[in-house]
Amino acid sequence: MNSLPYISADIGGSHITTAAIDPQSKAIIRDTIATVKVDNQAPSEQIIATWCEALSMSISKVTHFAGIGFAMPGPFDYVNGISKIRGVQKYEALYDLDVKAAIGQRLNLNSLQSVRFINDATAFAIGESWGGLASTYNKIMAITLGTGFGSAFINNGMPVLTGPSVPELGCVYHIPYNNSIADDYFSTRWFVNTWQKRSTNHVNGVKEIADLAIQGNLEAQQLFQEFGNNLGTFLSHWLKKFEADCLIIGGNISNANKLFQDALKNALVDHQTDVHVGFSQMQEEAALLGAARLTDPSYYNKIEPLLSFM
């Protein structure tokens, strides 16, 4: 393993977060973290310039670095570093752009400093399995609960994308559940839409409902318990099929885990699912850790054949 720090970037819808990672301790070097707002509808040159501004902030704190790993939302050609994002009202100016070459040129990287990319949900799972709560477990299912429902399956540090024990690409968001698909039940819009049907109080997000629940609002408390029960019921099938020994949960909704974790765990028990449940302490930083691991040549050689499937 290279002893030089790794540089990592997590691409969000309206910001970029970057940091340097110490590969020996598997930890973020705290004073290298930088977050910069991004206009996701700007021209490609401006987006790349903003990303490189943040990267430069992190790079300036270390003398040398081995390369850069990106946790990048799809669709994206992760092997070649070419964006395929379009039709989603963000980063469309990057469509068909060789992001890898653009970053390398703007930062004047040398031939030994790699620029590599991986799906952001998978990066989160890899980060948790490498240096997070799941580091002592072998078979991990990681999910993110937020505006969407992300998922990934990890076996001994490697993503599992195909085979009889996982859904296609490790994605569960599109799988039918109740009257729709999982993404409609395990995301922010389920909370907001369900609350609007049951209450006259208008809310904009999950945090407002969580605050009401903490203040003793029974309707809000019941909503979180219903969410936890539904989540445990849905996940139990895939946890057993994968024979997972650990479930890691991240994303903004997981910050309210005290309101639904008992219902979730009870549902798992009811469905005879024996698995350790952990709520991410790193959150976004887990994706930084996972993306950074691509800079390790031995790890990248193993994961590269999988990237074309993401």
(message) Here are the criteria: (1) under 20 Å from GLN283 (Cβ atoms); (2) under 19 Å from the mean Cα position of the chain (by Cα); (3) not acidic (Asp, Glu). Tell me which single one VAL88 does not satisfy.
(response) (1)
(message) Restricting to the stretch 166-207, and then to whatever is aliphatic (A, V, I, L, M) and at pLDDT 95 or above, can you tell me which residue is farthest from GLN225 (Cα to Cα)?
(response) VAL166
(message) I'd like to know if the stretch 117-140 contains one or more residues that are among the hydrophobic types (A, V, I, L, M, F, W, C), farther than 17 Å from LEU288 by Cβ and not in a loop (DSSP other than H, G, I, E, B).
(response) yes
(request) Might you let me know whether the stretch 181-197 holds any residue that is of a type outside the set (Phe, Trp, Tyr), assigned to a strand (DSSP E or B) and surrounded by 14 or more Cβ atoms within 10 Å (Cβ to Cβ)? (result) yes
(request) Pick out, from the stretch 1-109, the strands (runs of 3 or more DSSP E) lying fully within it that include 1 or more residues that are among the aromatic types (Phe, Trp, Tyr) and surrounded by 15 or more Cβ atoms within 10 Å (Cβ to Cβ). (result) 6-11, 67-72
(message) Please go through (1) in contact with a helix residue (DSSP H, G or I) (Cβ under 8 Å, 6 or more places away or on another chain); (2) at pLDDT 95 or above for ASN257 and return the number of the only condition it doesn't satisfy.
(response) (1)
(message) Checking the condition under 25 Å from HIS202 (Cβ atoms), touching a residue at least 60 places away in the same chain (Cβ under 8 Å) and surrounded by 16 or more Cβ atoms within 10 Å (Cβ to Cβ), which residue from ILE253, ILE249 passes?
(response) ILE253
(request) Confirm whether SER254 is in contact with a Ser or Thr (Cβ under 7 Å, 6 or more places away or on another chain) and under 19 Å from ILE181 (Cβ atoms). (result) no
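The values are calculated or read from the model by the stated rules, or taken from the named source; none is laboratory data. Because the structure is a prediction, the values reported are computed rather than measured. Don't worry about glycine lacking a Cβ; one is built from the backbone with ideal geometry, like all the others, and counts go over all protein chains shown.
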